[in-house]
């Protein structure tokens, strides 16, 4: 089988940050790398699940909410993918992710979508862990700009 694009990225040199993963027609995929790949520390499932709920809710309620296609975790537990329509500029996408992580880091209250009717694993959440992880990546993304979104191969 043909190797998929994400497996051609050198994960040995990839660091935490936000990267342009691919563009497919009008769909732009961003790689929000919250942990260094193969660094020995990974997102805990419950915290990652909470980030997913809060990140997706925040993104879909933002000014560019109608252009959000998908927000979801990476199976390797090092971050998230954000898929948007190409109407969202790179600076807008960076700002969205930064603002979402700041929102999560400061979030107090009920996590959206956490009833058995709304979620397939509604009991596995960790707000304090999500807040910690969001604050850590927000600190990195605070000064992130379009010049930094390209993978260093």
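The values are calculated or read from the model by the stated rules, or taken from the named source; none is laboratory data. Keep in mind the model is a prediction, meaning the values are calculated, not measured. Glycine also receives a Cβ, built like all others from the backbone with ideal geometry; neighbour counts cover every protein chain displayed.
Scan region 8-21 residue by residue and report those that are outside any strand (DSSP E or B) and either free of Cβ contacts under 8 Å to residues at least 40 places away in the same chain or touching a strand residue (DSSP E or B) at 6+ places or on another chain (Cβ under 6 Å) (or both).
Step one: list which residues in region 8-21 are outside any strand (DSSP E or B), which gives 8-16.
Selection gives 8, 11, 12, 15, 16.
If I filter region 88-111 for residues that are closer than 21 Å to residue 148 by Cβ, modelled with pLDDT of 95 or more and assigned to a loop (DSSP other than H, G, I, E, B), do I get at least one hit? Yes, the conditions are met somewhere in region 88-111.
Applying the criterion of being buried (at least 16 other Cβ atoms within 10 Å of the Cβ) and under 23 Å from residue 87 (Cα atoms) to the residues of region 23-51, the residue that is nearest to the chain's Cα centre (by Cα) is 32. Within region 141-151, restricting attention to residues that are part of a helix (DSSP H, G or I) and touching a helix residue (DSSP H, G or I) at 6+ places or on another chain (Cβ under 9 Å), which residue is surrounded by the most Cβ atoms within 10 Å (Cβ to Cβ)? Per the criteria, the residue is 141.
Residues are listed down the side, and each one gets a yes or a no for (1) closer than 23 Å to residue 148 by Cα; (2) in a loop (DSSP other than H, G, I, E, B); (3) in contact (Cβ under 8 Å) with a residue 40 or more places away in the chain; (4) in contact with a strand residue (DSSP E or B) (Cβ under 9 Å, 6 or more places away or on another chain):
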| site | (1), (2), (3), (4) |
| --- | --- |
| 23 | yes, no, yes, yes |
| 28 | yes, no, yes, yes |
| 35 | yes, yes, yes, yes |
| 47 | no, no, yes, no |
| 55 | yes, no, yes, yes |
| 63 | no, yes, no, no |
| 72 | yes, no, no, yes |
| 75 | no, yes, no, no |
